[in-house]
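The values are calculated or read from the model by the stated rules, or taken from the named source; none is laboratory data. Quick caveat, the model's predicted, so the values are computed rather than measured. Please note: Cβ atoms are built from the backbone with ideal geometry, for glycine as well, and neighbour counts cover all protein chains shown. Keep in mind that these areas ignore ligands, DNA and RNA; they rest on the heavy atoms of the full protein, side chains included. Shrake-Rupley method; radii C 1.70, N 1.55, O 1.52, S 1.80 Å.
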Amino acid sequence: TLGTVWLPEDDIKPTDSLPIEISRGCIFKCDFCSYELNGKKKFDYFRVKDSLVEELQYNYEQFGITNYVFLDDTFNDSRQKLKLIDEVLEELSFKITYETFIKPELLQAFPEQGEQMVEQGIISCTMGIESLHPAARKSVHKDTDYWKLEKYLHDFKYNSHNWNVGFQFTMILGLPYEPVESMKESFKYFFDNDMVDDH
């Protein structure tokens, strides 16, 4: 239930994007991550709906805020969390936009998440691609074939609805088995890729 209460002296402007946690912790245990709150059990780490509604409504009434950065380690980690946000947004008298971190593999597993997040107000997301190199991806328990995933990312960004969600990709340089030349090739590929807005 713990939220953030912004004060007048914080000099919040209506055009600001405020940080907010929808949940605290992460259900995943990625090999490269040493975050203390990893390995959470599903659904025991979400914010309470009423607490979220209260914080969003307060920020709107006090400062005119409708833009947010959801600070979750993996915002789209479950259908239940996305449903929680649907329920929170139904309670509000205004629409929000948000940026967040998402796990791209979950878009592949549950393609309907893309439309759900766009309807909620997502405008930009950061995704951990980590590497394009098959052996390096395998070393951190990612599907070895990134290219199967890219189709779903393309569908999320460009489709008949013209969503055009902003994409930031993050990579990990120096994973096991990946030579420097492969890292350079990956960098060039994403640098030249119209789908990627930032990396």
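State the percentage of accessible surface on the chain attributable to carbon and sulfur atoms; use a 1.4 Å probe and exclude ligands, DNA and RNA. Before the final figure, lay out the partial values.
Working: 5780 of 10980 Å².
Looking at the chain in its full context, I get 53 percent from C and S.
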Largest-first ellipsoid semi-axes for the chain, taking √(5λ) over the Cα gyration tensor eigenvalues, angstrom: 32, 19, 16
Among TYR177, TYR98, TYR68, residue whose mean-square fluctuation peaks in a GNM of the chain (springs only between Cα atoms under 10 Å): TYR177
Given charges at Cβ of Lys, Arg, Asp, Glu: the chain dipole, positive-most of MET183, SER23, ILE122: MET183
5 angstrom amide H check on MET171, placed H, neighbours 5+ away: GLU130
Translational D in µm²/s for region 141-198 (Stokes-Einstein at 10 °C, 1.306 mPa s, Kirkwood Rh from C-alpha pairs): 123
Cut-off 17 Å (backbone N to label point 7 Å along Cα→Cβ of PHE187), residues of region 99-133: 129-133
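Please give the contour-minus-distance gain from ASP11 to GLU112: 0.36 nm per residue of separation, less the Cα-Cα distance, rounded to one decimal in nm.
Values: separation 101, 0.36 × 101 = 36.36 nm, distance 3.82 nm.
Here the answer is 32.5 nm.
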Label zone at ALA135, where the point sits 7 Å out along the Cα-to-Cβ direction: region 165-188 residues whose backbone N lies under 19 Å: 172-187
Cα→Cβ-extended label distance, 7 Å offset, between THR1 and GLU61, nm: 1.8
When each of LYS49/LYS95; LYS81/LYS138; LYS81/LYS103; LYS49/LYS157; LYS13/LYS157; LYS148/LYS184 is checked by Cα-Cα distance, pairs over 19 Å: LYS81/LYS138; LYS49/LYS157; LYS13/LYS157; LYS148/LYS184
Most mobile of ASN76, ASN159, ASN59 in a GNM of the chain (Cα contacts under 10 Å): ASN159
Rounded D (µm²/s) - region 63-134, Kirkwood Rh over Cα pairs, Stokes-Einstein at 10 °C, 1.306 mPa s: 122
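With contacts defined as alpha carbon pairs under 8 Å and 6 or more residues apart, what's the relative contact order of the chain in percent? Before the final figure, lay out each step's value.
Details: 293 pairs, mean separation 33.0, N = 199.
Rounded, it is 17 percent for the chain.
Return one whole number: the accessible area per residue of the chain in Å², for a 1.4 Å probe.
So the chain comes to 55 Å² accessible per residue, rounded to a whole number.
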